[in-house]
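Participant: Below are the structure tokens for one structure; questions will follow.
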Amino acid sequence: MRHPPAHLLKKINMYIMNCFMVMFVSCVIVGVNLDSPNLPSLITLPLEGHFNFHEVQHAARDFGNRYQLLPVAVMHPKTVSDIATLIKHIWDNGPRSDLTVAARGHGHSLAGQSQAHRGVVVNMESLKQQEIHVYTGEVPYADVSGGELWIDILHETLKYGLAPRSWTDYLYLTVGGTLSNAGISGQAFRHGPQISNVRQLEVVTGRGETVKCSENQNDDLFHGVLGGLGQFGIITHASILLEAAPERVKWVRVLYSDFTAFTRDQEHLISAENTFNYIEGFVIINRTGVLNNWRLSFSPKDPVEANEFKSDGRTLFCLEMAKYFNLDKTEIMNQEVDMLLSELSYISSTLFASEVTYTEFLDRVHVSEMVLRSIDKWDVPHPWLNLFIPKSKIHDFAQGVFGDILTETSNGPVLIYPVTRSKWDNRTSVVLPEGQIFYLVAFLASAVPSSTGIDGLEHILVQNKRILEFCESANLGVKQYLPHYTKQEEWQVHFGPHWEKFVQRKSTYDPLAILAPGQRIFQKAKSHSSVAI
């Protein structure tokens, strides 16, 4: 065998040395641990995007601000194929790799669900650079990236006089994030949650396969992913159904002291044929006798009556409604609102109303966010508790919780409003309580990090635990929304008769349990043959 000439051999050796130097310097710059068995293989993956192995601290935090699980890397994909390449690489390595993958949108999870301890976090917002496509046909829809924010979809679709049908109260969330849960707000009684308003999805499964799915194509994956807590695939694209967008919103708030009248009126409104476009309620725990800011930016119908109203330290219930309209229909809209209000039993002196643009109404929570950010009270622990409660048990719940457990001013809003089961597809992965009408009750507390009092994290967590224990002991049939459990036995109880179907879908689409480890439902499997349960 002939050896290459000396001058050519020297060039080859220099090229090899340079390659090793580039890799070594790159690894030093990004902080790669060359002793890790997983990282060298990631470095060599052919991607259009890139990994960051050093600046990963932000991916170990979320809005809940209670869990901090460091990944070994954060992936910034430029294309969907980057995500597929990563997952396929881990799938192909099987038991030789202990890496898991979590999709992270805007980081608004509450208990580490978008984190991946010693795994890879995929920054889904890196896909936002892809254009939003709006189709204005007979059934209009928008094709969007899974990492797109709902606020950006709103701005783009409004250019065509259109908007998504269903929303969340906060718009700075990603499409993939809300569709992996449900996505609900005060429009859900009309159009259902956001997962009921999806035309098609593109998903990267736990096998690294990129699959398009819909009602008519790969329907089991389609329904499984919707509300599936990220367990069966990462949503990379979605087609969102749209409707004609209004110009203005009539925004109304009224108060009740009688919980029975409050719920009766809510249930009447969501069942009426001609009703409001948005209906929510919230609880005012008001032991001090001083009302909170429930009426800020609203004008009372009768200022004298409103100023004479005294809460007397009662627990009050606020009904919040919105009627959408265009300017040329203002008079008709006012007549309809007056008629609807005449059918309700609220405290007459507490009628407050305002007229705002459609965008101002939908983006209302962002205003509060800016205020909280300005006083450094946004990035605090948020030990939220969200519950679905059957209509038949809502009075028992209110008596036990609002009467006995939650007896002091809450450090955050407490939402309560009914939704209709008929607007939800029972083929999705979301677990609902019994009955045709059920209530969302959301305790959206913000904890003061340094406090050991009623606004401190430990107090709120104990309070949440008391609420859950009461629900269980009273046999209320409650299901958690945005659930968080630490033991698989608890997840089995949560899913109940749906658990077997959930496990079967996991075995089909993510057999190694690579995806969404922060949900703590399944453990990473050691072989391709079965899911670790």
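Participant: Does region 272-287 include one or more residues that are modelled with pLDDT under 95, in contact with a Gly (Cβ under 9 Å, 6 or more places away or on another chain), over 30 Å from Ile195 (Cβ atoms) and not in a strand (DSSP E or B)?
Facilitator: Yes: one or more hits.
Participant: Can you tell me which condition Ala261 does not meet? The list is (1) at pLDDT below 95; (2) of a type in the set (Gly, Ala, Ser); (3) under 25 Å from Ser392 (Cβ atoms), and all the others hold.
Facilitator: (1)
Here's the yes/no breakdown for (1) in contact with a Lys or Arg (Cβ under 7 Å, 6 or more places away or on another chain); (2) crowded, with 19+ Cβ neighbours inside 10 Å; (3) modelled with pLDDT under 95; (4) outside the structural domain of Leu149 (by TED's automatic domain parsing):
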position: Glu360; (1), (2), (3), (4): no, no, no, yes
position: Val367; (1), (2), (3), (4): no, no, yes, yes
position: Lys377; (1), (2), (3), (4): no, no, yes, yes
position: His382; (1), (2), (3), (4): no, yes, no, yes
position: Leu387; (1), (2), (3), (4): no, yes, no, yes
position: Ile394; (1), (2), (3), (4): no, yes, no, yes
position: Ala398; (1), (2), (3), (4): no, yes, no, yes
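Participant: Among the residues of region 76-85 satisfying the criterion of being outside any loop (DSSP other than H, G, I, E, B) and free of Cβ contacts under 8 Å to residues at least 60 places away in the same chain, which is surrounded by the fewest Cβ atoms within 10 Å (Cβ to Cβ)?
Facilitator: Per the stated criteria, the residue is His76.
Participant: A follow-up question, please. May I ask you to list the residues in region 63-75 that are more than 21 Å from the chain's Cα centre (by Cα) and surrounded by fewer than 19 Cβ atoms within 10 Å (Cβ to Cβ)?
Facilitator: The answer is Leu70, and nothing else.
Here's the yes/no breakdown for (1) closer than 22 Å to Ile416 by Cβ; (2) of a type outside the set (Phe, Trp, Tyr); (3) within 22 Å of the chain's Cα centre (by Cα):
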{"position": "Glu343", "(1), (2), (3)": "yes, yes, no"}
{"position": "Thr350", "(1), (2), (3)": "yes, yes, no"}
{"position": "Glu355", "(1), (2), (3)": "no, yes, no"}
{"position": "Tyr358", "(1), (2), (3)": "no, no, yes"}
{"position": "Trp378", "(1), (2), (3)": "no, no, yes"}
{"position": "Lys391", "(1), (2), (3)": "yes, yes, no"}
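Participant: Pull up region 201-238, narrow it to residues that are farther than 17 Å from Gly177 by Cβ, of a type in the set (Gly, Ala, Ser) and touching a strand residue (DSSP E or B) at 6+ places or on another chain (Cβ under 6 Å), then point me to the one that is surrounded by the fewest Cβ atoms within 10 Å (Cβ to Cβ).
Facilitator: The residue in question is Ser214.
Participant: Could I ask something else about it? Can you tell me which residues in region 367-396 are more than 27 Å from Val448 (Cβ to Cβ), not β-branched (Val, Ile, Thr) and not in a strand (DSSP E or B)?
Facilitator: Correct list: Lys391, Ser392, Lys393, His395, Asp396.
Participant: Let me ask you something else. Could you grab me the full set of residues in region 123-180 that are assigned to a loop (DSSP other than H, G, I, E, B) and either over 21 Å from the mean Cα position of the chain (by Cα) or not assigned by TED's automatic domain parsing to the domain that holds Ile240 (or both)?
Facilitator: Listed by number, the residues that qualify are Gln130, Glu131, Thr136, Gly137, Glu138, Val139, Pro140, Lys159, Tyr160, Gly161.
Participant: Which numbered condition in (1) more than 30 Å from Glu138 (Cα to Cα); (2) in a helix (DSSP H, G or I) is the only one that Leu221 fails?
Facilitator: So Leu221 meets the others, but not (1).
Participant: While we're on this one: Can you name the number of the only condition in (1) in contact with a strand residue (DSSP E or B) (Cβ under 7 Å, 6 or more places away or on another chain); (2) more than 20 Å from Trp491 (Cβ to Cβ); (3) among the aliphatic types (A, V, I, L, M) that Leu432 fails?
Facilitator: (2)
Participant: How many of the residues making up region 504-526 are assigned to a strand (DSSP E or B) and surrounded by fewer than 21 Cβ atoms within 10 Å (Cβ to Cβ)?
Facilitator: Here the count works out to 1.
Participant: What are the pairs, 6+ residues apart or on separate chains, where a residue within region 491-516 that is under 28 Å from Glu434 (Cα atoms) has its Cβ under 9 Å from a residue that is buried (at least 16 other Cβ atoms within 10 Å of the Cβ) and basic (Lys, Arg)?
Facilitator: Final answer for the pair search is Trp491/Arg520; His494/Lys479; Gly496/Lys479.
The values are calculated or read from the model by the stated rules, or taken from the named source; none is laboratory data. Just so we're clear, the structure is a prediction, and the values are computed from it rather than from any experiment. Positions of Cβ are generated from backbone atoms using ideal geometry, with glycine treated the same way; all protein chains shown enter the neighbour counts.
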